[in-house]
Structures are given as structure tokens and as C-alpha cells.
Amino acid sequence: MAIALSINNVRHQTDADAETPLLWVLRDHLGLTGTKFGCGIGQCGACTVHMNGSAIRSCLVPVKDVGNARITTIEGLARDASHPLQRAWMEHNVPQCGYCQAGMLMAAAALLREHPNPTDQDIDSAITNICRCGTYPRVRAAIHAAAGGREGERR
Amino acid sequence: MSRTNISRRDFIVATSVLAGGAMGISVLPRLAASQSNGASEITPWLVIAADNTITLRVPGPEAGTGGTTQAAMLIAEELKCDWARVRTEPISYVRNVREGNLYIGATGIWSSFAGGNHAPEIRSTLLQAGASARERLKAAAAARWSVPVEDLEARDSIIRHTPTRRKASYGELAALAATIKLAEEPKPKPESEWTLLRKTNPPRLHVRSVVDGSSVYGMDVRVPGMLYAALVQCPVHGGRLKRFDFAAIQNMPGVRGVAVIDPAEPRIELKKPAYWASTEAQSGIAVVAEHYWQARTALAAMPIEWDLGAGVERRDTQQIYDAIHARLDQPPEDLVKDQGDAPKLIAAAGKGVIEATYRTPLSEHATMEPLNGTALVTKDRVELWHPAAMAMQALVIAQEETGVEPKNIELHPPLIGGSFGRRVGADDVRMVLAVAKKFPGTPVHVIWSREETFRQGRYRDLQAVRFAATLDDEGLPEALTVHIAGHNVITLGIVDSIYVNGCIPNVRFETSSVPMHILTGQFRGPGYNSHCFFIESFIDECAARAGIDPLEYRLRIVRRWADEGWSKCLKEVGGRAGWGQPLPKGHARGIAMGSWATDGEPGKGTIVAAVATVEVKNDGALQVHSLDLAFDSGRILNADAVQAQLQGSMIFGLNMCLNEELNVQDGRIVEDNFDRYSMLRMADVPRSINIHMGALSGHDRYGGTGEVGVGVVAPAVANAIFAATGQRVRTMPFRVDVLPPQQSHG
């Protein structure tokens, strides 16, 4: 039984088993590999996508539960990497290995939607993703920069 | 002492990161993307297309250090090309074999590492590659216009002849330039004339693909006809697969088969460039299916029984710690260094002796990309898409596992989602091939779950040390004995420290091995990541006994060393961190220093000093408020990349000392995911992590900056805890041990 999904404003059909986590449907069935597998238990945040605009961890959501929700992945965040966060990420040279960064960006984008000018505390609460390379200070600086905040200059 | 005699040189590769860097590459599953649509190869290192896109071939994959961008900058410096049109691709390893070590011959085996571009021979090779191509382009223009080559100028991918106002782009000249043979290769310009290196910090070349989601890591490799495999190995290292019931799962959706990995199967054995961690096949089984989730679900459902082997006798972590500590009470096994008469001075000193025992636990690399790799094996050919940090090692393992000739083994390196030493040994490459070879002709993508990645690590070794020291009349160390016990002791961090190479006149350094079934390997700053904590904490104990301020104490010690970098680092970081200035109650500062890749000699490698400012609250909770670091790597190629590496390595070091400890239960590793293995997150990381540039000496070297920051954080924090509470923390992780009860050991 095919399941219908709305990903990045495109309708998709998948024949994946209904229990398959959204993460693996995105990656292995729909070819959207920008969303990463990190832990499989919702801890690391590498698989963060937006569901109706809110950040969720796609490794925990069976595809049958997505229903009519609008899913946005890193590939659909903006055309030509033009999202203010993507531009700030490039300007601040944020990524090191980069593997966790799609999840970081999606978590940050959801944060900015809710708090256009977030405080450091807002960032601490919203960005719970794990980065082993230690890019946290630059992630923080880039979020402030994208928000146009004063703290954005801090490295 | 064979086991302990692993040189620092062996590790350059592992985790090294440059004083430079960035990264590039959109990895293509197939080779030679650069040579499509009429592009011309000017030298084996670079290809120029008619539209002026320039593809620079870089030695080694990108694991996050910026090594590939740095390599590209080295070539581009001499090529004088338009940086905005530069892309990178990996050198072709199979071509290297087929064309008589085309690349490796020039630069040595180390060029295939993730870092190492700061090594002089690699730097000069890449600079030469750029210069040689530029002169061919100029020669092509000279021939076309019949003008003397001396009158031509190369800049921004354009050759100009000013007298006649003619100009041509590199793209227009590329085809002709590719046919030019020079009578003599040009000499690269002096460093003083560099315009790109040391002057600019361009964005790392792979960043764009990371932020738009198009980057291809090992996990993202897609090959037509590919199947997925979910792998499980014996949960107790060294155990064997006893039985399994494939019939129970064979009708599950998508399931195509099963692959048993048998360590007893005959395999050839070759000399390997990275030999310090086990690369032997581990007993295991993989379920192969059309999609990964199907494979994983079926694997979980398949009845499997293991013969757990002798490792199961290791009942808990404490049993292992006890064995390591007990070993310290026995005579040491290997003598590493002996100068003067340390044991005699210590035996004669009575109550004047300072003694302490320290310990560090097993740690997991926890790269954000779980282990995985893709391979296509046929009878006489291997194609491998694998996030291997050391290509040369991966190729040797591929040959061992399949018996295929090197000239028929092709490795396509994708981006690497973190290595920190884990992806150097290529034990993962072997397991991928062991699965794929059971499905000849079909590409198989083998994926370790996060739990499997944790359980099947090559961990940072657990070690304990016992120190004894005496002080001279001025309170400085006069004699020091060091005995380290561990599973597989790597001596770096002590053997190359200034303390045992001249600053302490009497030294005896010994090690002992306590064999263990658990597999260990290199981990960012191998040896040093434990030993800097050991020695810098102990030196702090000596300073306390002497009643001398810890910063002043170290300044007096480094006066005995012929490299001013040490005192410069101490003074710079002390000044910047406000050493000596008042702090609120419960707050205190601690200091530590360290080095990487000095080989125990002045004027080499990178030196650091760090200050931690911490607060110990009434309930014993520890908060690290700030970390400051000053360093001397001689010079730096790219300030932004160096800052990123040092800051990242300090956070890595902070996580090690606050959080990381793998426990053992009945031979198995207990912590198998991030719910049980804590990692620092945004809210936990000090807001103030400062890298200070003021101690850079300008000495003629480019020391690496990937490892050196890792070691100093733990002792700086531990020494700050002592300053705040009067209590020594002698074991990692610190979190639970900050206030009484104190550790029983030492």
C-alpha cells in the first residue's frame, strides 16, 4: 500500500513499510540523503527535519504517522542555499566534518521561526543536537548573525 | 619495548590537522568527473576546463580538518588561479598504482592521510604542482603569441602579455599547455611572496555542499543495484558466531540473504602502514536486504547465538581497573627512558617524596557518522566507496581481504563524518569487504547501527600511572619515576615531554601491559590525551608541595628548555585569562601545558598552554566557565582553520574529562548510544573558549593543531578544581568525583 507524503512541497508516493521511520524513507526511498542517520533514538539530532514548520527527529517518526503533514528537509530549506542561516553558516565557516550540520541548520531554522532574535538561552534550549567536532561556538555565532543580532559578531 | 615504541610520526596521519584548511569536494561515486567535456590535465594534480573551472586533486579525504581545502590552497598559491572557480577531487589511488606511484612516490605514504599537509615534503610537492602547471600555461601562451615567456604574467587564471595587451584565460590555453614539456621545472616562490596562504581564510570548499544537503558522506553513497546490509558482531570482542537461524527471517520484506564473517577463513597478510590497532576480521553476521531498514529489522528478528569467548570473564569495569592498578605494584615490564638515577634519589628521600596515581578510562570516538562503507567485489576487481581516513591503509586491507591485485582496487573517497583516529585502521573496510565478497557482482552498503558502532570500537586505551618525584632546593622536580600500565600503552605525551627530555635531570619511565580482550586503537592525540592529564596534574602537585604558584612553577621549569615558545605560551595565556586576579568564592583557575609532534626536541611541533576557569558549587556541581589557550606552532597557514581546530579540540578534551567512560559488563561494552554516553551540547559548552594568537613565534615550521588542544583541557580543569577545593581529581571522568569521597587510588 503506497503512502503519500508531502516533502519540500512535492508530493511523493512510497512503498516503504508503514513502520519505517521517516528518516529511512527520505534517505533510501526518496533519495534525500541530506538528512543524516546519527543515533536512531532521537538523541543526536542529525536527522532533524521540519514537520509543519516544527523541528522533529525523523528517526523516531514511523512514516505511517506523517499523514498530511508538510515535511521540509535540508534540501528544501531554501533555493540556492539562500536561507540567512545557510549564508551565515558559510560566512562563519561553521562546519568541520559537517555530518551533524543539516540537523543543526534545521533546528536553528525552526528556532528562528519562533524567536526571530533568539537569546543565548533560547539557543541553548532549542539546539540540543550533538556535534563531535565541537562547532558549537560557531553555530551560536552564526545563528545570532542570521538573526541580525548583536551577538552575531562573537566567535 | 616494541609495543610501546610507536612513534609520533605514525600518528601524524591519524588525526592531524593542519594549520590550514578547509575542504572541498562534492564526492562523485565515479572517477574522473574532471576529465569530461574536453578538460585538460596539465599535470596529474590538476585539470583545467575550457570554462576555466579548475579541478585540483588533493591527497587524502576530508574528515573535517580542512585538509583538502588547505591542499587546494597550496596548489592554487603557485598556479595563480581564480580561487572562486576552484573545486577539488581526490587523487586517483588506482592510477597511482598503475602509473608507478605517480602521486605517492613524490610525497610519501603519509600524503594519503586526512591531514598532514603541513609536513614540509607534502607542502613542497603541492606548491611544485601549482608552479609546474602555471609555467606550462605560460609556455603555451608564449608559443601561441610568439613572445618571450619572461614577458608574460599569470594572475587570476589569465595569462597577460602587457606589451601587446594580449591575454588568454587558463581555459583557452589548457589544451595546448597539456602538451608542453618544460626543459626544467620551475622553483616555487619564497613564502614572503605568498598571496593566498597565510594571507586569506577562504571558506572551506565543502561547506556549501554541507549547508544545502548535497554533500556525500560514506552513508550517502548510492550505487546502481546496491543492496544494504545490517551488521552485528559478537558483543564480546573475540567471541565467535555459534549458530543463527536465517530461515526465521528469510521471508521478511526485502531480505536477500545473509553473510557470515569468519575470522578463521584464510587471508593473506601484508605489511600495513597503520599497525597499531587490530584490523583482523571479527566474527559477525550481516543481513542483506533491498533497504537498510528492512535489513536492520530482519537482523534484529533473527535468532543468533554467540560463543562469547574468554572476554566474558571480565565481569565489570572495576575488575579491569583493579587489575591495572595491581599491575602498578609489580615490577615494570618495559623500560622506555632512563637518565640519571631517579629510583635512588626517590628511595633516599623518605617523606620528601611526592607520589600519586592517576587513571583514565576507555573512550569511544563517537564520530557522528556511524561506521559504514560500500563495496563491489568480483573475482578480480574491487570497487570501494568508503569513508576511510587513510587511503593507503584501506587499500592494503582491501587486498588482504579479497586477494585482488592493487592495480584492480579502486577507492572512491566520500566525505568523512568524523574520524578522530577511528577510521584510520580500516578494520571497518575489512568488515565491509567481508560482507560484500559474499555477494560478488552486487554493490553492498554495510551499515553499523549506532549501538554496533559503540560496541565495536577501537577505543582509547584505559591506563593508570604511578608517579614519584623529589624536589630540589628550589622546589623544582629533581627526580621522577613514571610507571604506566595499560592494555596497549602508547607513550606519547610523556616520552616526548620536556620533563623527561631534560627539564627533570633524573628520570625513569617504564610501562607494563595488562592484556585485555577489548580492542583499542588510536584516539585524537594518542597517548597524549591521557598522559597530559597525568603529568600536568602531577606537576601541579609538585608546585603545591613546593608552595609555588602553578604558573610561576611552570615558567621556572621551562627555563631549562631551549624553546621560548613554552614561556611565551604560558605568559600569553596567563595574561589573557587574568591569572592571579581575584575571582568570586568557589571559582578558581587552573593551568596546564603540553605539546604535540615535538619528538621531545625544541623548535618542533606545536606547544600549548591552557587556563580553565571553573566554579565548584556547594553541592559539588562543577561548571567550567571559560577556557583559554595560547599556542606556538611556529607559523600558521590559515588562521580561521587553526582557530576552528583548536577550539574544537578543546571541546573534545572537555567532553573526555567531564563525560566519557565506557563500562564493561560480562565482557561487553555497556554504553551503546548517546542516551548512556553523554556528550556536551550547546548549553553545556562554556560560552568563553578563547584561542590566543600572541605566542606564535614565527619560527620556520607549520605545526599541526588538531591534537594538541585535546590534552591540556583535562589537567587545566583538574588543577582548577584543586585550586577551588583543595582536592585532587585523579581519574576521568571528573563529573562524579569532584567532591568527597575522594578516589581510593593515590
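Quick rundown of the values:
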{"quantity": "Out of A:A46, A:A16, sole residue that is closer than 20 Å to B:M679 by Cβ, among the aliphatic types (A, V, I, L, M) and in a loop (DSSP other than H, G, I, E, B)", "calculated": "A:A46"}
{"quantity": "Qualifying residue in the range B:598-619 (condition: among the small types (G, A, S), free of Cβ contacts under 8 Å to residues at least 60 places away in the same chain, out of contact with any helix residue (DSSP H, G or I) (no Cβ under 6 Å at 6 or more places or on another chain) and surrounded by fewer than 24 Cβ atoms within 10 Å (Cβ to Cβ))", "calculated": "no"}
{"quantity": "Hey, B:R589 under 27 Å from B:P202 (Cβ atoms), among the basic types (K, R) and in contact (Cβ under 8 Å) with a residue 40 or more places away in the chain or not", "calculated": "no"}
{"quantity": "Enumeration of residues in the range B:652-663 that are in a loop (DSSP other than H, G, I, E, B) and either surrounded by 20 or more Cβ atoms within 10 Å (Cβ to Cβ) or not assigned by TED's automatic domain parsing to the domain that holds B:P715 (or both)", "calculated": "B:E660, B:E661, B:L662"}
{"quantity": "The range B:272-305: number of residues that are within 14 Å of another protein chain (Cβ to nearest Cβ) and among the aromatic types (F, W, Y)", "calculated": "2"}
{"quantity": "From the options B:A281, B:A286, residue that is assigned to a loop (DSSP other than H, G, I, E, B), under 30 Å from the mean Cα position of the chain (by Cα) and either surrounded by fewer than 16 Cβ atoms within 10 Å (Cβ to Cβ) or modelled with pLDDT of 95 or more (or both)", "calculated": "B:A281"}
{"quantity": "Residue in the range B:255-265 that is within 14 Å of chain A (Cβ to nearest Cβ) and assigned to a helix (DSSP H, G or I) present", "calculated": "no"}
{"quantity": "Residue within the range B:143-162 that is part of a helix (DSSP H, G or I), touching a Pro at 6+ places or on another chain (Cβ under 7 Å) and away from chain A (no Cβ under 14 Å) present", "calculated": "yes"}
{"quantity": "Flag if B:H325 is outside the structural domain of B:P61 (by TED's automatic domain parsing), in contact with a Pro (Cβ under 8 Å, 6 or more places away or on another chain) and either in contact (Cβ under 8 Å) with a residue 40 or more places away in the chain or among the acidic types (D, E) (or both)", "calculated": "no"}
{"quantity": "Residues located in the range B:634-651, provided they are surrounded by fewer than 24 Cβ atoms within 10 Å (Cβ to Cβ) and either at positive phi or facing another protein chain (nearest Cβ under 8 Å) (or both)", "calculated": "B:G634, B:D640, B:Q643"}
{"quantity": "Residue selected from the range B:441-469 under the condition β-branched (V, I, T) and either out of contact with any strand residue (DSSP E or B) (no Cβ under 8 Å at 6 or more places or on another chain) or surrounded by fewer than 23 Cβ atoms within 10 Å (Cβ to Cβ) (or both), by the criterion nearest to B:G352 (Cα to Cα)", "calculated": "B:T453"}
{"quantity": "Residue in the range B:486-500 that is part of a strand (DSSP E or B) and under 30 Å from B:T357 (Cβ atoms) present", "calculated": "yes"}
{"quantity": "Wholly within the range B:291-384, helices (runs of 4 or more DSSP H) carrying at least 2 residues that are over 30 Å from B:N659 (Cα atoms), among the hydrophobic types (A, V, I, L, M, F, W, C) and at pLDDT 95 or above", "calculated": "B:292-301, B:342-348"}
{"quantity": "Count of residues meeting criterion [assigned to a strand (DSSP E or B) and farther than 30 Å from B:D322 by Cα] in the range B:664-723", "calculated": "6"}
{"quantity": "From B:A426, B:A391, residue being more than 14 Å from chain A (Cβ to nearest Cβ), under 20 Å from the mean Cα position of the chain (by Cα), over 16 Å from B:M219 (Cβ atoms) and at pLDDT 95 or above", "calculated": "B:A426"}
{"quantity": "Residue match in the range B:329-339 (condition: over 22 Å from B:Y459 (Cα atoms), assigned by TED's automatic domain parsing to the domain that holds B:P526 and touching a helix residue (DSSP H, G or I) at 6+ places or on another chain (Cβ under 6 Å))", "calculated": "yes"}
{"quantity": "Lone qualifier among B:E478, B:E401 - being more than 14 Å from every other protein chain (Cβ to nearest Cβ), assigned to a helix (DSSP H, G or I) and either surrounded by 22 or more Cβ atoms within 10 Å (Cβ to Cβ) or not basic (K, R) (or both)", "calculated": "B:E401"}
{"quantity": "Residue, nearest to B:L127 (Cα to Cα), within the range B:198-213, restricted to residues that are more than 7 Å from every other protein chain (Cβ to nearest Cβ) and not in a helix (DSSP H, G or I)", "calculated": "B:R198"}
{"quantity": "Test: residue in the range A:76-96 that is within 29 Å of B:H365 (Cβ to Cβ), in contact with a strand residue (DSSP E or B) (Cβ under 7 Å, 6 or more places away or on another chain) and more than 7 Å from every other protein chain (Cβ to nearest Cβ)", "calculated": "no"}
{"quantity": "Residue list for the range B:504-519, restricted to those being over 16 Å from B:P361 (Cβ atoms) and buried (at least 19 other Cβ atoms within 10 Å of the Cβ)", "calculated": "B:I504, B:N506, B:V507, B:R508, B:F509, B:E510, B:T511, B:S512"}
{"quantity": "Qualifying positions in the range A:50-75 - among the acidic types (D, E) and within 10 Å of chain B (Cβ to nearest Cβ)", "calculated": "A:E75"}
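The values are calculated or read from the model by the stated rules, or taken from the named source; none is laboratory data. Small disclaimer: the values here were computed from a predicted structure and weren't measured. Positions of Cβ are generated from backbone atoms using ideal geometry, with glycine treated the same way; all protein chains shown enter the neighbour counts.
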